[in-house]
């Protein structure tokens, strides 16, 4: 591997004393002092001071747009033009690019994973720093062996030869984490690392982080999941509108205080449960099975959803939750799916998403950017995409005026924060992107929403808005089948919960029967508890 050059001290910067970490006395590895970052018309960061110490997990929280990612991009060398200073081991430095940052043993795991789908696991882990023979030829055998050893050390059962394109989101996330750990970094920045992981994988990841802590590695952990922050943090810093709203030892900050600092107000009920009159049965699934090649992914699943009802689907990653929603939506070849699906009293063929939308079924996919949105197109085109036939005239030409009027109304109704309906969807926050996906189906007169991880990667305020919207639609008679890896969300918003394990139904709970331990027991019923490896899909 080529030698990585450590960034040189900034000779123009004044000498600074190194701050002490609260509680452990260790000097900071990296300090960021009075950081201000401006974009045209926007001040993303305003006089922010932040540091991280050896063996410390410093959690950074805040709503989308608060400045978290901007601060981390400065730390990791993505943004180089800013006001303020960085100190590495007490010495002022300037990173000129991401390689400078990596040379200083700083690794960043982005929420949007930086993996190349066309390459396999070991090629991604060593991309840009390939192991070579003495003759200068890439040593694929050595990289494969090193990746295998790394996976074994982490307790992961991921084959180094697996193509990234064939792995689901959760597994890709674990590869990204392994890639960062392979750099032997002193500072690891994790941006929403658990957004695609189930509770079991989160527990395992936290064990890895605690192991890093004992070796003196500093972890900067960004998450919208406040229960995770409370569990793993040593210190917590809250950003709001580009400024530090508060910072304290984790033991001194409650989730309620974090929410108040993040949004500037108390959210007494984060996910209010609407009182809804449950109506007639909308969806009946009887003995649904799905076989992918030789693998039985779903095996005899039966569920029912009624008007105004929010029905949850719980289970670990790999349980078949996503495949259940996608089977109902008609994503898979009909010959691979068996069982009966009755919608609004009529048996339907699971033949195509287009026909599902026409019937009144909409899927909000787990990967909204890859499956539900066209990021390079404006809000108006994304929102009208599923209902485009509605705006065609007699000559099959889109009536742009009618389209804009309809989209403008739904944007107002859903309180989608966008400068204009001509704004590219890529420029919206995660919560507003998710609202655009919902808007797309509202224009199609959807009677049943299939929601797959609808609040993944969005902040606490946006989560509350999404679930308030779900409650409002349920009150109007819309039915929901909801998959979420965050069990507290399911318990808060659902009327009933079905549980899957290894593609099989293992439990059904009414709201009066909700019990977190019982649901988790059902979710792990067929799991080999003696196996220390993490099983993900």
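Just so you know, all these numbers are worked out from the coordinates, no wet-lab data involved. Bear in mind that the values here come from a model prediction, so they are computed numbers and not experimental data. As a convention, Cβ positions derive from the backbone with ideal geometry for all residues, glycine included, and neighbour counts pool all protein chains shown.
Data table
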{"item": "Kirkwood hydrodynamic radius over Cα pairs of region 70-127, then Stokes diffusion coefficient at 4 °C and 1.567 mPa s, in µm²/s", "result": "101"}
{"item": "Gap separating the Cα centres of region 460-490 and region 336-397, nearest whole Å", "result": "20"}
{"item": "Cα Rg, Dmax, region 397-526, angstrom units", "result": "17.3, 55"}
{"item": "Kirkwood-based shape ratio for region 350-461, expressed as Rg/Rh from alpha carbons", "result": "0.95"}
{"item": "Residues 254, 281, 455 arranged by fewest to most Cβ contacts within 10 Å", "result": "254, 281, 455"}
{"item": "Modelled FRET efficiency - R0 45 Å, residue 521 with residue 91, Cβ distances, 0.05 increments", "result": "0.25"}
{"item": "Chain lengthening between residue 248 and residue 39 when straightened (0.36 nm per residue, less Cα-Cα)", "result": "72.3 nm"}
{"item": "FRET efficiency estimate (nearest 0.05) - Cβ-Cβ, residue 119 to residue 81, R0 41 angstrom", "result": "0.80"}
{"item": "More than 41 angstrom apart: percent of Cα pairs within the chain", "result": "25"}
{"item": "Percent of C-alpha pairs per 10 Å bin, region 344-399, short to long", "result": "19, 42, 31, 8"}
{"item": "Virtual paramagnetic centre 7 Å along Cα→Cβ of residue 277, amide N under 17 Å, in region 471-492", "result": "472-479"}
{"item": "Expected 222 nm ellipticity per residue - DSSP helices of 4 or more, -39500 (n - 2.57), all of the chain, to 500", "result": "-8500 deg cm²/dmol"}
{"item": "Where N is the number of residues in region 113-172, Cα Rg divided by 2.2 N^0.38 Å", "result": "1.12"}
{"item": "Computed label-point distance, nm, for sites residue 422 and residue 401 using a 7 Å Cα→Cβ extension", "result": "1.7"}
{"item": "Convex hull of Cα atoms in region 251-326, direction-averaged projection (nm²)", "result": "8.7"}
{"item": "Ranking of 435, 273 by count of other Cβ atoms within 10 Å, fewest first", "result": "273, 435"}
{"item": "0 to 90° range, to nearest 10: angle between helix 169-182 axis and the chain longest Cα axis", "result": "10"}
{"item": "Förster-model FRET efficiency, 25 Å R0, residue 184 and residue 138, C-beta, rounded to 0.05", "result": "0.75"}
{"item": "Alpha-carbon Debye profile of region 255-408, log10 I(q)/I(0) at 0.10, 0.11 Å⁻¹", "result": "-0.55, -0.65"}
{"item": "Residue exposure sequence - 34, 394, 148 - by fewest surrounding Cβ within 10 Å", "result": "394, 34, 148"}
